[in-house]
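Student: This structure is in structure tokens; I'll ask about it shortly.
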Amino acid sequence: MIRKATKPQPPRGWRRVLFRLPIWLYRLRLGRLLGYRFLLIHHVGRKTGLPRQAVVEVVRYDREQGVFIVAAAFGRKTDWYQNILKQPEVTIQVGGQTLAATAEPLAVVQGGAEMVDYARRHPGTARALSRMLGYVMDGTEDDYRQLGESIPFVAFRINQTNF
């Protein structure tokens with residue numbers, strides 16, 4: 001059974017530097033080194049209107065549909081998540097490509113299903129992610145479903161004219 005041990009906190013200090021390191025890879029035009037496992041979101045700040053960037057892990061990539069699924073692991077108050085809710089038209093960089101996309105929050109049930117699928121494909125990473133977010137789990141599919149239903153998931157749909 002899933003149990004919340006601590007509230008997930010966005011990284012601070014040296015952990016923040018590590019989390020933001022992939023942004024520099026994209027800025028140096030080395031994003032292809034990260035393949036399709038991560039993507040860089042170029043979005044607009046909801047309060048400032050200024051350009052912002054965030055790197056997130058890709059939970060699933062559907063090549064046929066031109067959709068990247070990601071999770072806002074630190075919750076609904078995460079800045080990039082709040083920003084894309086206000087302005088869903090974004091640009092993403094993935095691999096060596098820069099693409100226009102529209103961000104669409106997934107339903108809670110879809111988030112649960114995506115997390116179960118992710119845990120099947122990447123069991124070690126799913127366990128580490130749940131620990132990092134402060135969850136104590138027994139590792140069952142039901143636990144991963146509950147975890148997926150507790151954090152927001154987003155689909156980034158590529159504009160077909162770009163893809």
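The values are calculated or read from the model by the stated rules, or taken from the named source; none is laboratory data. Only a predicted model underlies this, so the values are computations on that prediction, with no experimental measurement involved. Every residue, glycine among them, receives a Cβ derived from its backbone with ideal geometry; neighbour counts consider all protein chains shown.
Student: Run down Leu50, Leu21 and say which single residue is within 21 Å of Val70 (Cα to Cα), among the aliphatic types (A, V, I, L, M), loosely packed, with under 11 Cβ neighbours inside 10 Å and modelled with pLDDT of 65 or more.
Tutor: Matching residue, one of Leu50, Leu21: Leu21.
Student: Within segment 35-60, track down each residue that is of a type outside the set (S, T, N, Q) and either over 14 Å from the mean Cα position of the chain (by Cα) or assigned to a loop (DSSP other than H, G, I, E, B) (or both).
Tutor: Within segment 35-60, Gly35, Tyr36, Arg37, Val44, Gly45, Arg46, Lys47, Gly49, Leu50, Pro51, Arg52 qualify.
Student: If only one of Glu64, Glu141, Glu89, Glu149 is over 21 Å from Arg37 (Cβ atoms) and without any contact (Cβ under 8 Å) to a residue 24 or more places away in the chain, which one is it?
Tutor: Only one candidate passes the filter, namely Glu89.
Student: If we scan segment 70-93, do we find a residue that is within 17 Å of His122 (Cβ to Cβ) and among the acidic types (Asp, Glu)?
Tutor: Taking every residue of segment 70-93 in turn, none turns out to be within 17 Å of His122 (Cβ to Cβ) and among the acidic types (Asp, Glu).
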